[in-house]
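The values are calculated or read from the model by the stated rules, or taken from the named source; none is laboratory data. No experiment lies behind these values; they were computed from the predicted model shown. Neighbour counts run over all protein chains shown; Cβ positions are idealised from the backbone, glycine included. Heavy atoms of the whole protein, side chains included, go into the accessibility calculation; ligands, DNA and RNA do not. Shrake-Rupley method; radii C 1.70, N 1.55, O 1.52, S 1.80 Å.
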Amino acid sequence: MGARWVTAAGTIRAIAEIDHDLAVRVFGSRDAIALGGWPGATTGRSWASSVRFAQDVANGAIADDVEVAMYDPEHWDATPPDERLDPHASIRSFGELARSLGYTVLITPHPNLVSVPGSPHAPTDGETRGSAYLRSGIVEVAAANADVIETQAQTLQREPDRYRAFVAETVRLARAVEPGVQVLSGLSTHPGYPATVAMLRDARASVRDLVDGHYLSLARLRLTEVAAAFLEGTHETAT
C-alpha cells in the first residue's frame, strides 16, 4: 500500500527541474494521476465546483485525454457557497455525473467545510474541527460516490500520531461504506508551516499500512527541493 501519487502537473514540472529522472520514476506510470497531464501518467483534471464541472461537460470543454475527474470542495471562493453549505449534495451530483461519463472519480473534500458559516456540520461547543468533520458524513458520501478519495490531513503531518489517527478514522468510515474505495492522504510542503523532509517521511510512514497513496501539494510551488528530497528517499515509486 501507499504507492499511488496524485499531484498537479505544475508540481511535477517543478520537481523535474530539480531531478528529471526522479519525476519520471515517481510520476511516469499509470498508477500516478497528473492533474493537467504528464507523460506516462493517468491524466486528470480538478474542479472546485460541481456546477462548473457540469457546465464544462455541457460545453464540451473537457479534453479527450482526461480520465480522472477530481472534485475538491473546500471553504474557499473557488467552491460556490451553496456547495460549501451542502457538500453531501454537491459530492453526489459530481460523482453521479462523472461516473455516467466513464471517468474515474477522485473526491478530496477539505475538513474546513465544517467551518463554513451556517454549515449544518459546524463543530458543537468544545468539538474540534476534525471531530466535526468525522461526524459530518462527508467522508461516507465521498466514498459512496468516488473510486478514490483523499483525506486532507496535511495540517497534522508534523504530528505523526495525530496524522495517523485522523487518517485511520477516515479510512474506517470510507471503507465501511465502500470496501473497495482507494484512500489517499494529503502531504504538503507548506500546510500553513514549512515542512521538512523528515516530517514528510515520518507522516508517510505512519500511514503506509492504511492508505493507497498520497496527494502531494507544493502549496504554490514552495519548498520544491524538500519535495524532491522526500520523494528520492521514499524508495517506492508509483509503479
*Answer yes or no as to whether H75 is open to solvent by 40 Å² or more (accessible area, probe 1.4 Å) and under 17 Å from H110 (Cα atoms).*
yes
*Kindly indicate whether V105 is surrounded by 19 or more Cβ atoms within 10 Å (Cβ to Cβ), of a type in the set (V, I, T) and over 22 Å from W76 (Cα atoms).*
no
*Within the set of pairs 6 or more residues apart or between chains, which connect a residue that is aliphatic (A, V, I, L, M) inside the stretch 12-38 to a residue that is part of a loop (DSSP other than H, G, I, E, B) and modelled with pLDDT of 95 or more with Cβ atoms less than 6 Å apart?*
I12/W38; A32/A41; A34/A41
*Would the stretch 212-221 turn up any residue that is free of Cβ contacts under 8 Å to residues at least 60 places away in the same chain, basic (K, R), in contact with a Pro (Cβ under 9 Å, 6 or more places away or on another chain) and more than 21 Å from R162 (Cβ to Cβ)?*
no
*Of the conditions (1) of a type outside the set (G, A, S); (2) closer than 26 Å to A229 by Cβ; (3) buried (at least 21 other Cβ atoms within 10 Å of the Cβ), E83 fails just one. Which one is it?*
(2)
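Only one residue in S29, S46 is polar (S, T, N, Q) and closer than 16 Å to T108 by Cα. Which one? Even if it seems obvious, please write down each step before you answer.
Numbers: S29 fails: closer than 16 Å to T108 by Cα.
After applying the criteria, what remains is S46.
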*Residues A89, A16, A32: which one is within 30 Å of L231 (Cα to Cα), open to solvent by 10 Å² or more (accessible area, probe 1.4 Å) and not basic (K, R)?*
A16
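Could you tell me whether any residue of the stretch 54-72 is under 30 Å from P123 (Cβ atoms), of a type outside the set (D, E, K, R) and under 17 Å from the mean Cα position of the chain (by Cα)?
yes
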_Qualifying positions in the stretch 119-133 - open to solvent by less than 50 Å² (accessible area, probe 1.4 Å) and either aliphatic (A, V, I, L, M) or outside any loop (DSSP other than H, G, I, E, B) (or both)_ = A122, G130, A132, Y133
*Give me the pairs: first residue in the stretch 59-88 and under 22 Å from A144 (Cβ atoms), second residue among the aromatic types (F, W, Y) and open to solvent by 20 Å² or more (accessible area, probe 1.4 Å), beta-carbon distance under 8 Å, and six or more apart or on different chains, which are they?*
E67/Y103; V68/Y103; A69/Y103
*If you take the residues of the stretch 204-228 that are over 18 Å from A8 (Cα atoms) and more than 17 Å from the chain's Cα centre (by Cα), which of them is surrounded by the fewest Cβ atoms within 10 Å (Cβ to Cβ)?*
D209
*asked:* Given the criteria within 29 Å of A132 (Cα to Cα), open to solvent by 60 Å² or more (accessible area, probe 1.4 Å) and not aromatic (F, W, Y), does R52 qualify?
replied: yes
